[in-house]
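Working notes for the structure below.
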Amino acid sequence: SVPVAKQLASIQALRKGSDLEKAFATAALVYNNYADPEGKLSKAETKSLLQSQFWHVIQGQENKPKYQEIISSLDEESENKIDFEDFMILLVSLTLMSDLLHEIKNVKTTK
């Protein structure tokens with residue numbers, strides 16, 4: 001498997017991309033590295049991805065009902081798989097549940 005940083009560097013359109021563009025491209029590359037050939041993640045693959053790539057955000061959330069409810073609600077077709085759109089909704093939902101945004105708001109920026 002090719003490291004995400006190397007994959008990101010190989011996307012020519014992002015060479016001069018903004019931080020936000022690179023962040024979304026990174027999320028898409030990480031997703032694609034875990035996804036099956038149909039471009040979907042099973043619930044087990046989703047859990048593995050979150051545990052390895054989003055651990056600091058989900059830490060302490062795994063056994064909370066809201067966390068389980070969010071993952072279950074994403075599978076609208078009851079196929080036990082989620083697509084990239086569902087994955088991005090999951091990331092946003094979990095980020096909102098975590099303390100990450102609160103920490104970011106408290107960071108002092110210098111210019």
Open item on the list: Any residue at all in region 35-45 that's without any contact (Cβ under 8 Å) to a residue 40 or more places away in the chain and in a strand (DSSP E or B)?
Closed with: yes
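Each row is one residue, and each column tells you yes or no for (1) at pLDDT 70 or above; (2) under 22 Å from Y34 (Cα atoms); (3) aromatic (F, W, Y); (4) loosely packed, with under 11 Cβ neighbours inside 10 Å.
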| position | (1), (2), (3), (4) |
| --- | --- |
| Q61 | yes, yes, no, no |
| K64 | yes, no, no, no |
| I71 | no, yes, no, no |
| S78 | no, yes, no, yes |
| D83 | yes, yes, no, no |
| D99 | yes, no, no, no |
| H102 | yes, no, no, yes |
| V107 | yes, no, no, yes |
| T110 | no, no, no, yes |
Task: Leading residue by the ranking (modelled with the lowest pLDDT) among those in region 1-34 that are hydroxyl-bearing (S, T, Y) and not in a helix (DSSP H, G or I) - done: S1
- [ ] From K47, K43, K22, K16, grab the single residue that is surrounded by 14 or more Cβ atoms within 10 Å (Cβ to Cβ) and more than 26 Å from E79 (Cα to Cα).
- [x] K22
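The values are calculated or read from the model by the stated rules, or taken from the named source; none is laboratory data. Worth saying up front: this structure is predicted, and the values here are computed from it rather than measured. Neighbour counts are summed over all protein chains in view; Cβ atoms, including those assigned to glycine, are modelled from backbone coordinates with ideal geometry.
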